[in-house]
Amino acid sequence: MSVHVLFELQHEVRRLFIAGSAVAAGDIRLQKMIPQLDKLSESVPVMGRVAQAVTQVVEAGSGESAPKLLELGILLNSMLYTLGKTETTDVLFPVKGADANLSTSLPYRKLSPLIQALTAKGQGRLEKLRQGYEEGLFQDFRSILPAVTALDDSYTEIPDFIQHKVLPAYGKEALPALLQQFKLDGGKGDGRRLELIHELLHGEGLSLIGQAAREGSVEVRSAAIELLGNYPEQIHFILEQAEDKKKEIRSAALFALARLGSEQAVERLYQALVSKDRELAIEPIRRCQANSLTQKVVAHAEHTLERIVLENGIEETVQHMLSDIHCLQGKRTLEVVRLLEKLLSTPAFIKTETEAAQEAAAELLLDIDLPEADDFAVSLHEAYDGRFIAYSFKAAVKILPPQEVYDRFHSYFRNKKQSNAKTLLRAFHEETLPYQHRVGYDPARADADLKGVWDPRWVQLFVEVDEADLVCRLVEAADVKVIAYLKAKCEEQPHFNRGQTSNMLLVLFGMQEPSAPQLLMDILEKGGNKQYYYLDRVQLTLLSLLPKSYAQRLREYAEKLSYQSLKDQLLDITETLAVKTDGEKVSEIEEKGQGLWGWIRSKMS
């Protein structure tokens, strides 16, 4: 039987189903097939029945074409189903991964956005994946294959999230899909797959990793070689790869050696540091836990210092020193502290050409976080005309009582035009919590960071030197001098859409200053009707703190605004003001033990 004729006829019948049975009568294409069907009926009698059904459709009168076309369709589909084959000549084998314990109970309507985010392009996909992870959508069997495929995604954050969060949660359920999709000649995604396979096999996949390290693409080889750092017996192969012509392969070998930390590994890492691969060696050395390597780097840095003192090839030598210092990041040992003390105590090292190395050394001194390092950093506050005063100040904040920090450094702030004062002001901003954090979503951290750290005299000093932002950051309680200062500053810059003005007003409200509501409304009205499009969180909080008596005045102002979105926000606030009760008094705040910032946070929650 010529099955293809039946398929051709099925195609024509579907066409007529779509077009409508009204056009089936007299259809030319069906008419052309009747002779062919009649001829086939000579050897296959059932084809005669099909030819008869086609003829009835073509010759159907008005109102009869629909049932005749339906009869033809039923007959044709019945025959094709009967002729279908389910057997195969291929060898049958079990499908790997089909025995997974994950369920498929989620409705596909809910799972579909997750799979779309895994397989398509576009913005906002990472947030959808995170949300899906939180909701447990990845624990559906249908999400495994798309998740493994997403390791190839070009948006780096998505493969990172999938590799470190999603796939480890599957456990060995993900292994079949990872093995199925892994390609030796693949790209970064296959390097990620290899890392996951190694993690899930718990060291049983050494043969696969060895093959990938020898035969894979550059990306796959790099991933495999770094994984070989978990196997001490592979040291000789890794050392060979450290001599490879490809930079990526040499880098991977150095990371593997850092994991091993053996005597041979330490020696090769040190050789890389003093060779053309210096930049490649920095991060592996930083990760290596071998103390012998740290000692080698310290000795090299001391030798480099001698060359700098002698001004022997100063530019290249300084680069070597920078590399040495970067290698020592995270090495919390006294040997490193002594090296940094030696560097920053050597006048011949403190020169223009070595500024980058000086800064790196001072930063490392703070990062080490050892008492000896902090003590030395504090002692630098007057050295070299205050070159390291910012680092000294930060170390002092860590280890000295607040009163002593003030006594030691407050005099520098008297003249803000001096370079030391400018440097210290930047350091002070870095050491104090930004205003937004004080009123943010982590009040416990804010209180812990602030309480007892700063001497109260700082607030008065910053009032005198006109540093309004620092006043707002540090003020803890109502103060007549601070109130007068902040009121004057608000009157000087009556711009409600400036963040600093809003912050100062909020502090005034927190101090229960009686004139704060009037000051706020004056600033708001002076801005005109086109100064901004919407209100931020602080501005909304400020307006909601207005007394009930200001509701009508705020409504009148809102009606004059040009932007509808802003008008709607203000009108909503006026409705809230109209039904509010009187605010808390200072005594009530003190009784509750809230304090200024506790009260402000309560109003912004």
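If you check residue 213 against the conditions, is it in contact with a Lys or Arg (Cβ under 6 Å, 6 or more places away or on another chain) and not polar (S, T, N, Q)? Yes. Condition first: free of Cβ contacts under 8 Å to residues at least 12 places away in the same chain, in a loop (DSSP other than H, G, I, E, B) and of a type outside the set (Gly, Ala, Ser). Now tell me which residues in region 285-316 satisfy that. Passing the criteria: 310, 311, 312. Of all residues in region 285-325, those satisfying the criterion of being open to solvent by less than 30 Å² (accessible area, probe 1.4 Å) and over 36 Å from the mean Cα position of the chain (by Cα) are 300, 304, 305, 308, 317.
Counting only residues that are of a type outside the set (A, V, I, L, M, F, W, C), open to solvent by less than 50 Å² (accessible area, probe 1.4 Å) and in contact (Cβ under 8 Å) with a residue 24 or more places away in the chain, region 533-568 holds 6 of them. Criterion applied to 206, 254 was being closer than 26 Å to residue 189 by Cβ and modelled with pLDDT of 95 or more, and the one residue passing it is 254.
Looking across region 35-59 at every residue that is in contact (Cβ under 8 Å) with a residue 12 or more places away in the chain and over 21 Å from residue 83 (Cβ atoms), the one that is surrounded by the most Cβ atoms within 10 Å (Cβ to Cβ) is identified as 57.
Could you please let me know if residue 206 is surrounded by 16 or more Cβ atoms within 10 Å (Cβ to Cβ) and over 20 Å from residue 297 (Cβ atoms)? When the stated conditions are applied, residue 206 passes them. Checking each residue in region 269-292 for being closer than 17 Å to residue 317 by Cα and acidic (Asp, Glu) picks out 277, 279.
Here residue 455 meets each of (1) modelled with pLDDT of 85 or more; (2) assigned to a helix (DSSP H, G or I) with one exception, condition (2).
The values are calculated or read from the model by the stated rules, or taken from the named source; none is laboratory data. Nothing here was measured: the structure is a model prediction, and the numbers come from that model. Backbone-built Cβ (ideal geometry, glycine too); neighbour counts: all protein chains shown. Ligands, DNA and RNA are excluded from the accessible area calculation, which covers all protein heavy atoms including side chains. Shrake-Rupley method; radii C 1.70, N 1.55, O 1.52, S 1.80 Å.
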